[in-house]
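Quick notes on the structure that follows.
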Amino acid sequence: MKQRWGEAAVAAVMVFVAGCESEPETLRPVADSRPIGAAGAQLVAHDSCASALKAFQQAVTRELEAVGWQWFGMYRRELDVAGTAAAAERGEQFSPTNTHESAADEPDIVKTDGKRLVTVVDHKLRVIDVATRKQTVSVTLKGGYPSGLFIDGDRALVVLAHVAIKGSEGPATRFVQVDLTYGKVTGELTVDGYFVDARATDGIARLVVSSGPRLDWRSPHRPHSPSSPDSPASYERHMKRIVRESAIDDWLPRYTIRSHGTESSGRLVDCHRVHHPKPVTGVQLLTVLTVDIDGELGRGDPVSVAGNGSTVYGTGKNLYVIDGLRSGFGPMPAAERIAPVSQDRRTKIYQFDVSGSRPPRFVASGTVDGALLNQYSVSEHDGYLRVATTTESQTADGPAGRWRTESAVTVLRKEGQQLKQVGTITGLGKGERIYAVRFLGSTAYVVTFRQVDPLYRIDLSDPAAPELDGELKIPGYSSYLHPVGAARLLGIGQGATARGQVTGTQVSLFDTSGADPQRVAHLHIDGAYSAAENDAHAFLYWPARDLVVVPIDLGLGARGGALALRVSDDDIERVGTVRHSAGTPVEAQVLRSAVIGETLWTVSEAGAQANALNDLGRVAFVPFH
């Protein structure tokens, strides 16, 4: 089997450093109009497959020469990569997926249209009729890991990530279209690459995958092996020959479509739809596909960008694909582990126009210093893009030196094909990194953490001069923030000791109306963890009842469930915990919750349960077999 090469080999080495220096806070607002997309982010399209092939060959040669051909074999690696309130305002009687922007739906493992509950759990798509509380459809999803779905009308589009294809050089992603009435698979689209994320608006899904070249780097002998007669020079000649003899289809992703009993396959994206910087600096491709969820499944009218990607942010009109390291591997005390980002590390942002049903159109790109946490670190408002990032730099103490961190919020504006920086505020949380971000209108709330949780409020009403507008320090941290009324913000995360050791799930209610934010109520569950701390889709807020529901895992083999809270202006009331009695404690762990009419539905691997919304009394349980 061929070996698949991802990014520059040197990027495979990650350094984890314990501890950071804590320094006095110095916040620095900066107005800056320099074009920050000009260096390596502005894109053009290839004019032919011949020029694309030459550019790819030159790019990989430059990277391998920079790393050292003789070292490549040692270091090569595989690339592995607030909708509920809006629904209530529209008068809907069910809760949609909790999304960053109400106009851009996000894939999740549970969806509802108010009549059906559709789940992808344990490699099966199931449909439950909420009126009869019976399962009507069950479809086994073959191959890959179900990472989410969209629904539109009577169709679902399921994403199967990490698909392994026999005889293929690397993983693929499969999009499966299912008829929800009859439980029939109506189409399958399989493409090379890893699934990054997706967004959907008005039944049109934009699917983002990341792929690399399919080149056979194998040599009969590995260099530097005691039993190998190969020299570094012979291995270098071998690799150069592979690059020289490659064809364009070795660099571009492929597709296979199965529909109506027929199958077709070929090159996924045309050469003239591959956008790249000048000169081409990488050989990874991000491809955006456009799929009508309730229509005929096709190739997806794809458009590609030369670059990597870890985060997608969508507004309904614009789709932003972000290429850069994340600032951490899930919330954890910075004193325990930090993934350093070098001082000159920058995050690239690619903006696409995805209005209507036409293919995405690349419109602008830019860069910001540092790394972002997740999609909530990005927000578009009144023609500006705001981005919160953490930068890390090493002290002058050499290899043994400590890594210093600080965070910033940067404001960008589109000018031509560039996203230009118009203002920034830096110096947030020195010695810490970002754990949560929420942009609400012209205000940003940023949580950083090392031993305490500074909650910063930043005024962005003047995009050219962001300024600190209040802060609060409390033990622990919030890793997800959600608005729960006028001047009220709910944070879910972990409590912590004075030394930064986490102690269990912490829910905090903040009053943001004063000169500084204030915590007016909080709830702590010792030793617990909630999936909502890291996955906003697991968070449910139903404003009609002031109800918040989050999964709660009590650990140590205990049977967790879904924690229901009622939130008022100055209090958090513990309403109760919904538990699934079927299955093992692991199988019964609640993954998602949804309100449909007067019923609270919760879903686990064991099944779906209906509880009365008024008193949480159990009404029915639908087992998953």
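What follows is calculated from the coordinates using simple rules that are stated; it is not laboratory data. Treat the numbers as computed from the prediction; the structure is a model and nothing was measured. Neighbour counts run over all protein chains shown; Cβ positions are idealised from the backbone, glycine included.
Candidates are the residues of the range 481-520 that are of a type in the set (K, R) and touching a strand residue (DSSP E or B) at 6+ places or on another chain (Cβ under 9 Å); the one that is farthest from R438 (Cα to Cα) is R519.
The criterion of at least 2 residues that are more than 30 Å from I434 (Cβ to Cβ) and not small (G, A, S) is met, among strands (runs of 3 or more DSSP E) falling completely within the range 534-615, by 572-578, 592-596, 599-603, 607-612. Residues that are surrounded by fewer than 24 Cβ atoms within 10 Å (Cβ to Cβ), assigned to a strand (DSSP E or B) and among the acidic types (D, E) within the range 428-470 comprise D459, E467, D469, listed in sequence order. Just so you know, in the range 550-600 the residues that are charged (D, E, K, R) and under 29 Å from the mean Cα position of the chain (by Cα) include one that is surrounded by the most Cβ atoms within 10 Å (Cβ to Cβ), and it is R592. Scan the range 508-527 for residues that are part of a loop (DSSP other than H, G, I, E, B) and not polar (S, T, N, Q) and the total you get is 5. Filtering the range 113-138 to residues that are crowded, with 21+ Cβ neighbours inside 10 Å and hydroxyl-bearing (S, T, Y) leaves only T119.
Here S530 meets each of (1) surrounded by fewer than 22 Cβ atoms within 10 Å (Cβ to Cβ); (2) of a type in the set (S, T, N, Q); (3) under 26 Å from Q501 (Cβ atoms) with one exception, condition (1).
Of all residues in the range 127-186, those satisfying the criterion of being under 27 Å from F94 (Cβ atoms) and not in a strand (DSSP E or B) are V130, A131, T132, R133, L141, G153, D154, L180, T181, Y182, G183. Of all residues in the range 494-507, those satisfying the criterion of being in a strand (DSSP E or B) and either over 15 Å from L565 (Cα atoms) or in contact with a Leu (Cβ under 6 Å, 6 or more places away or on another chain) (or both) are Q494, G495, A496, V502, T503, G504, V507.
Restricting attention to the range 478-517, the residues that are farther than 20 Å from Y541 by Cα and crowded, with 16+ Cβ neighbours inside 10 Å add up to 7.
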